[in-house]
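Remarks on the structure that follows.
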Amino acid sequence: MNQSVQISKPLEQVADGIQTEPLLFDPLALIGLIASKDFFSNLSDTLANTFGFECFHIFLYQANVGPVNLANRPVLCNYQRGLDNFLNFTYVINPVFRAYQGNAASGVYQISDFVPDDFKRVIDTADIDIFVEDSETIGYRTPGWPKNMAECIVLIRLPNGMALDFSFLIPRGQRQSTTCSVRLERLFPVLERIVRRQFEIDPASFDCADQRPGQEDRFQDFGSDVLTDREMQVVQLVLVGHTSTSISLQLGVSISTVKSHRRNIYVKLEISSQAELFSLFLLHLKNV
């Protein structure tokens, strides 16, 4: 006997603040996609049409290469510049990608789950294709990327070390953000099994022709020509969102020691602010 999974209806079907009866979804609608041609495109259509997820991406992460965008909904997004910038450069300091690099477990997350609690990022806005946005959860936004969006994340790790990042963009401050998380929590066990089964049956469907060289080595070697190993550790923690207090806890040193390291870093890199540090780092990524 088929088992149905309860998935909440999209926010558009909620009237006067009262949730209507949950939608009963037959997992066979997803199971039937396994081994289909254009698996990820079909999966995206099903997620969009069945669950009301109108704006999302499926990214593939793997070692030593840049992320690949396997599918979009809508297919033609209106923030292509921001998407391209993420895929080429800014992913390397993106909280979800860093969580993947840090072996975060498969599951459903808010992007804020990956951001240090005391985080206050400052990024220069002039020449690096990034805008400072205090209203953004991660403190910055690439030009053209939708403003004030919460991101619900489904991270699914694969046996060969790759991972899929399903990023669902939801307007911040709306009930739909909570509704999205609830739907994804209910959907997750089925979605994970389907993706893993697809990988077992047809691993070639995860192969991509448009892979870019990875930026991880560029992240790890930034400043290596002038900085000590400890100073490079400090810089990397700053770039992924840690304050001096958080860095002191991470490295087991005093805050005054961290501040001393930061002063020395600025002198050696010939900069005077954290904003200039981000500018220099992203120029480092671009100047291959």
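Answer yes if at least one residue in region 138-160 is open to solvent by 30 Å² or more (accessible area, probe 1.4 Å), modelled with pLDDT of 90 or more and part of a strand (DSSP E or B), and no otherwise. Yes, the conditions are met somewhere in region 138-160.
The set of residues in region 219-229 being open to solvent by 30 Å² or more (accessible area, probe 1.4 Å), within 18 Å of residue 271 (Cβ to Cβ) and in a helix (DSSP H, G or I) consists of 221 alone.
Of all residues in region 237-255, those satisfying the criterion of being more than 20 Å from residue 219 (Cβ to Cβ) and either touching a helix residue (DSSP H, G or I) at 6+ places or on another chain (Cβ under 9 Å) or buried (at least 19 other Cβ atoms within 10 Å of the Cβ) (or both) are 244, 245, 248, 253, 254, 255.
With the structure loaded, tell me whether residue 34 is of a type in the set (Val, Ile, Thr), part of a strand (DSSP E or B) and either out of contact with any strand residue (DSSP E or B) (no Cβ under 8 Å at 6 or more places or on another chain) or open to solvent by less than 20 Å² (accessible area, probe 1.4 Å) (or both) or whether it fails that test. Against the criterion (of a type in the set (Val, Ile, Thr), part of a strand (DSSP E or B) and either out of contact with any strand residue (DSSP E or B) (no Cβ under 8 Å at 6 or more places or on another chain) or open to solvent by less than 20 Å² (accessible area, probe 1.4 Å) (or both)), residue 34 does not qualify. Cβ-Cβ contacts under 7 Å between residues 6 or more apart (or on different chains), taken from a first residue in region 219-234 that is touching a residue at least 24 places away in the same chain (Cβ under 8 Å) to a second residue that is open to solvent by 60 Å² or more (accessible area, probe 1.4 Å), are listed as 226/268; 227/268; 231/264. Applying a threshold of 9 Å to beta carbon distances and a minimum spacing of six or more residues, or different chains, the list of pairs starting in region 240-260 at a residue that is touching a residue at least 12 places away in the same chain (Cβ under 8 Å) and ending at one that is among the charged types (D, E, K, R) and in a helix (DSSP H, G or I) reads 240/98; 241/98; 244/259; 244/262; 247/262; 251/230. Residues in region 196-218 that are in contact (Cβ under 8 Å) with a residue 60 or more places away in the chain, assigned to a helix (DSSP H, G or I) and not charged (D, E, K, R): 4 in all. Within the option set 226, 258, 253, 182, being under 25 Å from the mean Cα position of the chain (by Cα) and among the hydrophobic types (A, V, I, L, M, F, W, C) holds for one residue only, 182.
Given the conditions (1) under 23 Å from residue 213 (Cα atoms); (2) modelled with pLDDT under 80, which single one is not true for residue 93? The failed condition is (2).
Of all residue pairs spaced 6 or more apart or on separate chains, those with beta-carbon atoms under 9 Å, a first member in region 74-88 that is closer than 20 Å to residue 282 by Cα and a second member that is basic (Lys, Arg) are 82/141; 87/212; 88/212; 88/286.
Each residue in region 237-258 was checked for being within 16 Å of residue 275 (Cα to Cα) and in a helix (DSSP H, G or I), and 4 of them qualify. Looking at region 46-83 only, could you name the residues that are open to solvent by 60 Å² or more (accessible area, probe 1.4 Å) and either in contact with a strand residue (DSSP E or B) (Cβ under 8 Å, 6 or more places away or on another chain) or within 20 Å of residue 211 (Cβ to Cβ) (or both)? Within region 46-83, 54, 63, 64, 80 qualify.
Within region 201-218, the set of residues being of a type in the set (D, E, K, R), farther than 11 Å from residue 66 by Cα and open to solvent by less than 70 Å² (accessible area, probe 1.4 Å) comprises 202, 218. Here the condition is being hydrophobic (A, V, I, L, M, F, W, C), surrounded by 15 or more Cβ atoms within 10 Å (Cβ to Cβ), in contact (Cβ under 8 Å) with a residue 60 or more places away in the chain and outside any strand (DSSP E or B); of 187, 169, it holds for 187 alone.
Which residue, of 277, 269, 169, is over 19 Å from the mean Cα position of the chain (by Cα) and at pLDDT below 95?
Of 277, 269, 169, the one residue that is over 19 Å from the mean Cα position of the chain (by Cα) and at pLDDT below 95 is 277.
The values are calculated or read from the model by the stated rules, or taken from the named source; none is laboratory data. Model, not experiment: these values are computed from the prediction. Neighbour counts run over all protein chains shown; Cβ positions are idealised from the backbone, glycine included. Heavy atoms of the whole protein, side chains included, go into the accessibility calculation; ligands, DNA and RNA do not. Shrake-Rupley method; radii C 1.70, N 1.55, O 1.52, S 1.80 Å.
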